[in-house]
Amino acid sequence: MTTESASNIPLGAPTAARMYDEALGGKDHFEVDRAANAKLYKVIGEDRVRSTAMENRRFLGRAVRYLSRECGIRQFLDVGSGLPTARNTHQIAKEADPGSRVVYVDIDPIVAVHGRALLADDSTRIVTADMRRPETILDDAQVNEFLDFSQPIAVLFVAVFHFVTPAEDPARIVAAFRERQAPGSYVAISHLTTDGMSEKEQEGWYAGFAGATVPLALRSKKEIHHLFDGYDLVDPGLVRPYDWHPNDDDSPRTNSLFGGVGRVAHPS
């Protein structure tokens with residue numbers, strides 16, 4: 001995410017979506033994004049950065065697979081979705097039920113341009129909006145025409161809250177979505193963490209995003225856990241992504257992230 005409005009992202013600055021695409025080996029990025037990632041690679045190590053991106057992507061896949069197959073979720077709101085790549089949310093969800101619906105949301109308008117070309121599908125919609133203003137998503141006509149908030153919905157915040165500063169209050173953002181979710185709904189969150197990360201590596205992450213349209217904000221496990229307030233974490237809780245419902249996907253192990261899935265808590 002970025003401090004710019006959704007319609008006013010500087011084209012000459014790297015964005016999180018395009019930097020993530022480059023780290024995953026995609027093709028939808030510019031020289032400015034490659035240069036920003038080069039700073040990360042120099043300090044942190046290219047293999048580690050790319051492995052972190054892949055680890056996060058595989059967590060997303062396992063979370064969507066769990067939510068669709070084990071929890072019966074048929075509606076997904078993928079916030080800060082980034083550019084389309086292999087095994088997108090709707091592709092995994094539709095394996096459980098071809099009628100599953102997914103709305104992708106990102107602040108980078110380039111995501112919409114590429115997404116509408118690559119994800120032309122009756123089961124998906126793409127919205128350009130800023131998640132730090134939840135009402136721009138929750139009150140969006142296209143979102144509400146496509147998703148039924150009276151039924152369970154999974155909201156995905158995968159690798160987005162480390163681009164939201166403390167002043168922007170990520171817990172407030174989650175709460176706004178939770179208040180609109182019906183019983184039986186879920187949230188999935190992954191986040192870069194300071195836990196187990198050296199001071200040099202933390203400096204490297206901040207340096208890599210220093211010139212980008214995003215305000216990087218690393219958090220401790222305790223701070224990330226706070227984002228799940230109002231949800232009951234499903235087993236195994238908030239863990240390293242490679243430990244969350246692992247399968248045979250040979251997910252990288254970087255210890256750069258935490259991830260988890262929570263179910264809307266029942267009122268006491």
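Every residue, every condition in (1) under 23 Å from L147 (Cα atoms); (2) of a type in the set (A, V, I, L, M, F, W, C); (3) in a helix (DSSP H, G or I), yes or no:
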site: M197; (1), (2), (3): no, yes, no
site: W205; (1), (2), (3): no, yes, yes
site: I224; (1), (2), (3): no, yes, yes
site: R263; (1), (2), (3): yes, no, no
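Residues checked against (1) surrounded by fewer than 20 Cβ atoms within 10 Å (Cβ to Cβ); (2) under 20 Å from G260 (Cβ atoms); (3) out of contact with any strand residue (DSSP E or B) (no Cβ under 8 Å at 6 or more places or on another chain); (4) at pLDDT 95 or above:
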{"position": "A182", "(1), (2), (3), (4)": "yes, no, no, yes"}
{"position": "L192", "(1), (2), (3), (4)": "no, yes, no, yes"}
{"position": "K200", "(1), (2), (3), (4)": "yes, no, yes, no"}
{"position": "Y206", "(1), (2), (3), (4)": "yes, no, yes, no"}
{"position": "A212", "(1), (2), (3), (4)": "no, no, yes, no"}
### Message
Condition check: among the small types (G, A, S), surrounded by 19 or more Cβ atoms within 10 Å (Cβ to Cβ) and modelled with pLDDT of 90 or more. Does G196 satisfy that?
### Response
no
### Residues of the stretch 19-39 that turn out to be touching a helix residue (DSSP H, G or I) at 6+ places or on another chain (Cβ under 7 Å) and closer than 19 Å to G204 by Cβ, as a count
10
## Note on the structure
Of the residues in the stretch 43-64, those that are touching a residue at least 60 places away in the same chain (Cβ under 8 Å) and basic (K, R) come to R48, R58, R62
### Task
List the number of the failed condition for L216; all other conditions in (1) touching a Ser or Thr at 6+ places or on another chain (Cβ under 7 Å); (2) surrounded by 14 or more Cβ atoms within 10 Å (Cβ to Cβ); (3) assigned to a loop (DSSP other than H, G, I, E, B) hold.
(1)
### Task
Would you be able to tell me the number of residues in the stretch 61-97 that are open to solvent by 50 Å² or more (accessible area, probe 1.4 Å), modelled with pLDDT of 95 or more and closer than 23 Å to A17 by Cα?
1
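Output the residues belonging to the stretch 3-27 that are of a type in the set (V, I, T) and either buried (at least 21 other Cβ atoms within 10 Å of the Cβ) or at pLDDT 60 or above (or both).
In the first step, residues of the stretch 3-27 are kept if they are of a type in the set (V, I, T); the result is 3, 9, 15.
Listed by number, the list holds a single entry, T15.
The values are calculated or read from the model by the stated rules, or taken from the named source; none is laboratory data. None of these values were measured; they are calculated from a predicted model. Ideal geometry is used to build each Cβ from the backbone, glycine not excepted, and the neighbour counts take in all protein chains shown. Protein only, heavy atoms only, side chains kept; ligands, DNA and RNA dropped before computing areas. Shrake-Rupley method; radii C 1.70, N 1.55, O 1.52, S 1.80 Å.
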